[in-house]
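Engineer: For reference, the structure I am asking about is given below.
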Amino acid sequence: MAEAVVDLSELDLAGDDRVIPFQVEGLDVRGRAVQLGPLLNTILGRHDYPAPVARLLAEAIVLTALIGTSLKFEGRFTVQTKGNGPVDLLVADFSSPESMRAYARFDEEALADAVKAGRVSPPELLGEGFLAFTIDQGHGMTPYQGIVPLDGSSLEEIAGVYFRQSEQIPTKVRLGVAELIDRDEAGKPRHNWRAGGVLAQFLPQAPERMRQQDLHGGDGDERELDHVSDDAWTEASTLVQTVDTDELTDPLVGIERLLFRLFHERGVRIFEPQAVLDRCSCSRDKIKGVLAGFTAEEITASIEEGEIAVTCEFCSTTYRYDPSEFEPA
């Protein structure tokens, strides 16, 4: 019996801010893909970052969503860069099953000088330092952290190195960010951010293919190989590499259509999408708990105009406290 032909125009597409797991059985590949729209606009717009900073943070958010939604437990996954460039800190934090928050720190003067000189590539903005992947399984569990040097590579290249070195899984990552300008109903210019990403991993089940230690792990792996890479992984990683930014960010393409374009000859299966929401974990009680650990001198130093005000770096929410709340009973 011939296989049924699926009309993609009739599919109920997942849409933005939903990560789609997929599998290509013919290539022993599994992965995840996403397009981010409203969530990205909210996070970036909240801080009004300069465009070069927004692009960097958007890539970190996409990478965090792709990896964080794969957690099989209640926990937190964090991507953090720390470098000596104009953008010295990026943090994207995902709490399962669906909460995302992120922020960036940068030196305004150094950034302006870099933009004026045309030094706006990710390696130039981040500088030398490290990229850390942290998995926190919650109370009573020791967090796991993998660290990869910022060595002049892109975030997607560094992610490939991390999986190869820390997880021993050949991995290919593609990330794309687009800044879109259109007009609203009143004809005024309107600015929007979009981003997308694909993460594909070689996870063979057949014994003859379970040779991960002999496979090229993708970007950044300069280790000499003793054996020829598996043809299936070579094909898969090459296909993922062909994806461009327009495809990753075009709202008219959709992730399902993109995956079909890439892998239809091999047969691609998609699974239930996982939502990613703009949701910070801060609260008035949590921050009050932190302040309660301050000394009397630190509390006094924190008072401005008769109150203590603390603003969350992630969501920009400001919590205000009366100093009397921290006086000894």
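The values are calculated or read from the model by the stated rules, or taken from the named source; none is laboratory data. Keep in mind it's a predicted model, so treat the numbers as computed, not measured. Positions of Cβ are backbone-derived with ideal geometry, glycine not excepted, and every protein chain shown enters the neighbour counts.
Engineer: Does Val290 qualify as being touching a strand residue (DSSP E or B) at 6+ places or on another chain (Cβ under 7 Å) and of a type outside the set (Lys, Arg)? Break it down into steps so the answer makes sense when it comes.
Structural biologist: Numbers: touching a strand residue (DSSP E or B) at 6+ places or on another chain (Cβ under 7 Å): no; of a type outside the set (Lys, Arg): yes.
When the stated conditions are applied, Val290 does not pass them.
Engineer: Filter region 28-49 for residues that are in contact with a Pro (Cβ under 8 Å, 6 or more places away or on another chain) and under 18 Å from Leu277 (Cβ atoms) and give the result. I'd like the intermediate steps shown before the answer.
Structural biologist: Restricting attention to region 28-49, the residues satisfying the condition of being in contact with a Pro (Cβ under 8 Å, 6 or more places away or on another chain) are 28, 30-32, 35, 37.
Across region 28-49, the qualifying residues are Arg32, Gln35, Gly37.
Engineer: I need a count of the residues in region 40-57 that are part of a loop (DSSP other than H, G, I, E, B) and crowded, with 19+ Cβ neighbours inside 10 Å. Quick ask: steps written out before the conclusion?
Structural biologist: Filtering region 40-57 for residues part of a loop (DSSP other than H, G, I, E, B) gives 48-50.
Imposing the further condition that a residue be crowded, with 19+ Cβ neighbours inside 10 Å reduces the set to 49.
Looking only at that region, the number is 1.
Engineer: So, in region 58-93, how many residues would count as being surrounded by 22 or more Cβ atoms within 10 Å (Cβ to Cβ) and in contact with a Lys or Arg (Cβ under 7 Å, 6 or more places away or on another chain)?
Structural biologist: Selection size over region 58-93: 3.
Engineer: Among the residues of region 257-274, write down those that are surrounded by 13 or more Cβ atoms within 10 Å (Cβ to Cβ) and of a type in the set (A, V, I, L, M, F, W, C).
Structural biologist: Leu258, Leu259, Phe260, Leu262, Phe263, Val268, Ile270
Engineer: Quick check on region 296-317: of everything there that is within 20 Å of Cys282 (Cβ to Cβ) and among the hydrophobic types (A, V, I, L, M, F, W, C), which residue is farthest from the chain's Cα centre (by Cα)?
Structural biologist: Of everything passing the filter in region 296-317, Ile299 is farthest from the chain's Cα centre (by Cα).
Engineer: Could you go through region 5-16 and let me know if any residue there is in contact with a helix residue (DSSP H, G or I) (Cβ under 7 Å, 6 or more places away or on another chain), aliphatic (A, V, I, L, M) and at pLDDT 95 or above.
Structural biologist: Looking through region 5-16, none of the residues is in contact with a helix residue (DSSP H, G or I) (Cβ under 7 Å, 6 or more places away or on another chain), aliphatic (A, V, I, L, M) and at pLDDT 95 or above.
Engineer: Can you tell me which residue among Gly68, Gly26 is in contact (Cβ under 8 Å) with a residue 24 or more places away in the chain and out of contact with any Phe, Trp or Tyr (no Cβ under 7 Å at 6 or more places or on another chain)? Reasoning before the result, please.
Structural biologist: Numbers: Gly68 fails: out of contact with any Phe, Trp or Tyr (no Cβ under 7 Å at 6 or more places or on another chain).
None of the others qualify; the one that does is Gly26.
Engineer: Among the residues of region 74-90, how many are out of contact with any helix residue (DSSP H, G or I) (no Cβ under 7 Å at 6 or more places or on another chain), assigned to a strand (DSSP E or B) and in contact (Cβ under 8 Å) with a residue 24 or more places away in the chain? Break it down stepwise before answering.
Structural biologist: Step one: of region 74-90, the residues out of contact with any helix residue (DSSP H, G or I) (no Cβ under 7 Å at 6 or more places or on another chain) are 74-76, 78, 80, 82, 84, 88-89.
This time we only want the ones that are assigned to a strand (DSSP E or B), so: 76, 78, 80, 82, 89.
Narrowing further to those that are in contact (Cβ under 8 Å) with a residue 24 or more places away in the chain: 76, 78, 80, 82.
Residues that pass the stated criteria total 4.
Engineer: Specify which of the listed residues (Pro123, Pro97) is surrounded by fewer than 19 Cβ atoms within 10 Å (Cβ to Cβ) and assigned to a helix (DSSP H, G or I).
Structural biologist: Values: Pro97 fails: assigned to a helix (DSSP H, G or I).
Checking each option against the conditions leaves just Pro123.
Engineer: Quick check on my filter: what residues within region 304-324 are touching a strand residue (DSSP E or B) at 6+ places or on another chain (Cβ under 8 Å), outside any strand (DSSP E or B) and without any contact (Cβ under 8 Å) to a residue 40 or more places away in the chain?
Structural biologist: Of everything in region 304-324, those that are touching a strand residue (DSSP E or B) at 6+ places or on another chain (Cβ under 8 Å), outside any strand (DSSP E or B) and without any contact (Cβ under 8 Å) to a residue 40 or more places away in the chain turn out to be Cys312, Thr317, Asp322, Pro323.
Engineer: Would you kindly identify the helices (runs of 4 or more DSSP H) lying entirely within region 240-303 that contain at least 1 residues that are farther than 30 Å from Arg46 by Cα and either free of Cβ contacts under 8 Å to residues at least 60 places away in the same chain or touching a Pro at 6+ places or on another chain (Cβ under 6 Å) (or both)?
Structural biologist: Details: elements: 245-249, 255-263, 284-291, 296-302.
Helices (runs of 4 or more DSSP H) meeting the threshold: 255-263, 296-302.
Engineer: Moving to a separate point now. Condition test on Arg105, is it crowded, with 18+ Cβ neighbours inside 10 Å and either of a type outside the set (Gly, Ala, Ser) or more than 18 Å from Leu150 (Cβ to Cβ) (or both)? Steps first, answer last, please.
Structural biologist: Working: crowded, with 18+ Cβ neighbours inside 10 Å: no; either of a type outside the set (Gly, Ala, Ser) or more than 18 Å from Leu150 (Cβ to Cβ) (or both): yes.
Criteria not met by Arg105.
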